[in-house]
1. Which pairs have Cβ atoms under 7 Å, sit 6 or more apart or on different chains, and link a residue in region 325-337 that is more than 11 Å from S348 (Cα to Cα) and at pLDDT 95 or above to one that is surrounded by 12 or more Cβ atoms within 10 Å (Cβ to Cβ) and among the small types (G, A, S)?
2. Which pairs turn up if I take residues in region 117-143 that are under 18 Å from F178 (Cβ atoms) and look for partners that are β-branched (V, I, T) and part of a loop (DSSP other than H, G, I, E, B) with beta carbon separation below 8 Å, at least 6 apart in sequence or on another chain?
3. Might you check whether a residue that is among the aromatic types (F, W, Y), part of a loop (DSSP other than H, G, I, E, B) and farther than 15 Å from T250 by Cβ occurs anywhere in region 145-165?
4. Surrounded by 17 or more Cβ atoms within 10 Å (Cβ to Cβ) and within 19 Å of G38 (Cα to Cα), is that true of G254?
5. Please work out which residue is surrounded by the most Cβ atoms within 10 Å (Cβ to Cβ), limiting yourself to region 213-238 and to residues that are among the small types (G, A, S) and farther than 17 Å from G263 by Cα.
6. All but one of (1) of a type outside the set (D, E); (2) closer than 27 Å to G198 by Cα; (3) in contact with a helix residue (DSSP H, G or I) (Cβ under 7 Å, 6 or more places away or on another chain) hold for L82, so report the exception by its number.
7. Can you name the condition, by its number, that T109 falls short on among (1) surrounded by fewer than 17 Cβ atoms within 10 Å (Cβ to Cβ); (2) of a type in the set (S, T, Y); (3) closer than 28 Å to H292 by Cα?
Amino acid sequence: MGALLHPFARPAATDFVRMVRGSGAVVWDDQGKRYVDGLASLWYCNVGHARAEIAEAVAQQMQVLETYHCFERFSNAPAEELAERLAALAPVPGSRVFLTSGGSEAVDTALKLSRSAHAQAGQPERTLVVSRTPSYHGVTYGAMTLTGLPLNRKDFGPGIGDVVQVDKDDLDAVRQVFETNPGRVAAVFAEPVVGAGGVWPPAPGYLQGLRELCDVHGAHLVLDEVICGFGRLGTLFAGTHFGVAADITTFAKGVTSGYVPLGGALVAPSVHAPLSADPGFVLRHGYTYSGHGAAAVAALACLDITEREGLVDRATAIGRRLEPQLRALLDDGLVTDVRGVGALWAVSVPDPVAVRDRMLDDGVILRPIAPATLAICPPLVIGDDDLDAIAAALRRAL
């Protein structure tokens, strides 16, 4: 066994596929084998691997000032520039931006900001948070507690308090939580499309129903767009695809395409206004690398590429190319379900790990999700030939 303790892996494992090089939607391992990256590494590499433009922008920033912290009276120019740009793009006008190092921190930030905003608005009793099952929100203690995957909480203790979980797409269950806890619900957390919990698009009207319930009962709606954001569904932000504006939108992954770790939260006026109402109030929350300058530069470069190359529209084209080939597998009885939106898709198979392993032999990488899902989430720069290669390898493996 090596010294590196791998995440979401067997600590006793030794059979790793070691990647050493990438280009666009393709990566190579240390044996020289080529793979079509059908999961954008881990749902994040939207603009493709080894983009020199991003590396050069980050290197240039690091030669001037790698970063400087943003606590209290201090700031740095790249973090401010990124926040202004994201706020201008945000679905809710007047939004502000809190930056983190990744998605789990972004979710914990959203949870804390929601509870704090209610407290500052004179409702400190609003601490209850609703999440769904299945769902995936991260692995810090707050995000882990919100995650609707019991195995991800096993052996880690009880998590945080005041979290209630309901089945996804069940508006009546959410309504019941509000009615049995009047004036106590701070927020409802939902992924626009459930990602690592199995790639489940919402039922028609469901997200709109959550928005209406939150409005009626005075709670915040938090959309976790860590996987879905920055073009993955064919709109820059996933809430826009479904016609829903959140009070807080969490993001990570695609914002830098993984070149430098960065996440954050778009915070609408409904949340940040109570925090600013008292000039003496101090928000005692933040991470060492909240607003990391070099990470912000990577995000700005990724936004430039996304806009210049039309990658948001490319996500829709990816879905149009991939969907009929996946549905042909369903018609032929090789899979039991096909589902997806934009450039985020999945099929249901009896043994996803075995199918994934056969596809690795064939030079294609997908993500198995227990008990029966194979997820497909390629870089938005992928060409049609490589999309066809994913579908063909999947058919051969099945």
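The values are calculated or read from the model by the stated rules, or taken from the named source; none is laboratory data. Bear in mind the structure is a predicted one, so any value in this text is a computation, not a measurement. Heads up, the Cβs are rebuilt from the backbone with ideal geometry, glycines too, and the neighbour counts pull from every protein chain shown.
1. Listed by first residue and then by second, the contacts come to Q325/A391.
2. Here the result reads H118/T127; S131/T147, each pair linking region 117-143 to a residue that is β-branched (V, I, T) and part of a loop (DSSP other than H, G, I, E, B).
3. Yes.
4. yes
5. Ranking the qualifying residues of region 213-238, first place goes to A219.
6. The single condition L82 does not satisfy is (2).
7. (1) is the only condition that T109 fails.
Yes/no per residue for (1) touching a Lys or Arg at 6+ places or on another chain (Cβ under 7 Å); (2) of a type in the set (D, E, K, R):
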{"residue": "Q165", "(1), (2)": "yes, no"}
{"residue": "A173", "(1), (2)": "no, no"}
{"residue": "T180", "(1), (2)": "no, no"}
{"residue": "R184", "(1), (2)": "yes, yes"}
{"residue": "V194", "(1), (2)": "yes, no"}
{"residue": "G209", "(1), (2)": "no, no"}
{"residue": "I227", "(1), (2)": "yes, no"}
